[in-house]
Amino acid sequence: MTRALLFAAFLATIVLPGAARAAEAAEDPKRTETIKGLVRIVGAQAGIVLYCRKLYTIDDTVSEGLSRTVRRALDAALGHSRAGAAIAEEGRRVAEEIAAVGAEQWCADQRDILNTDGVRVFID
């Protein structure tokens, strides 16, 4: 968990160049990619909580901490409304992906990805 939260905090420092540079940074491809990655983290955690709990034991402390940390970074980088809209759009994308591949496969893939990255959202 510590590694995941530190990584999210590190990403937040990349995303948050300061309010004075916000417009300039909006055109920065690295910033755009980082924001997309952060949005995907929140979407994946929502999908894990909604779909994977039936298949695996989830560490709620890790999952909620990761989502909360990333959400704060997104709110600071984009503003609350834009961050919420990006997260809602990602939630729809994740739901469509889960519907297409099935919850069992999607959850197994997420578990493999997170275990490889050392993020212990899945307990078993």
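The values are calculated or read from the model by the stated rules, or taken from the named source; none is laboratory data. Small disclaimer: the values here were computed from a predicted structure and weren't measured. Reconstructed Cβ throughout: ideal geometry from the backbone, glycine too, with neighbour counts over all protein chains shown. Note: areas computed on protein heavy atoms with side chains; ligands, DNA, RNA excluded. Shrake-Rupley method; radii C 1.70, N 1.55, O 1.52, S 1.80 Å.
A few remarks follow.
- Of all residues in the range 77-96, those satisfying the criterion of being assigned to a helix (DSSP H, G or I) and surrounded by fewer than 15 Cβ atoms within 10 Å (Cβ to Cβ) are His80, Ser81, Arg82, Gly84, Ala85, Ala88, Glu89, Arg92, Arg93, Glu96.
- Residues in the range 62-76 that are without any contact (Cβ under 8 Å) to a residue 60 or more places away in the chain and open to solvent by 40 Å² or more (accessible area, probe 1.4 Å): Glu64, Arg68, Arg71, Asp75.
- Residues that are hydrophobic (A, V, I, L, M, F, W, C) and either surrounded by fewer than 20 Cβ atoms within 10 Å (Cβ to Cβ) or not in a loop (DSSP other than H, G, I, E, B) (or both), drawn from the range 106-124: Trp106, Cys107, Ala108, Ile113, Leu114, Phe122, Ile123
- Some residue of the range 87-97 being closer than 13 Å to Lys36 by Cα, touching a residue at least 60 places away in the same chain (Cβ under 8 Å) and within 13 Å of the chain's Cα centre (by Cα): no
- Residue within the range 47-55 that is aromatic (Phe, Trp, Tyr), open to solvent by 60 Å² or more (accessible area, probe 1.4 Å) and part of a helix (DSSP H, G or I) present: yes
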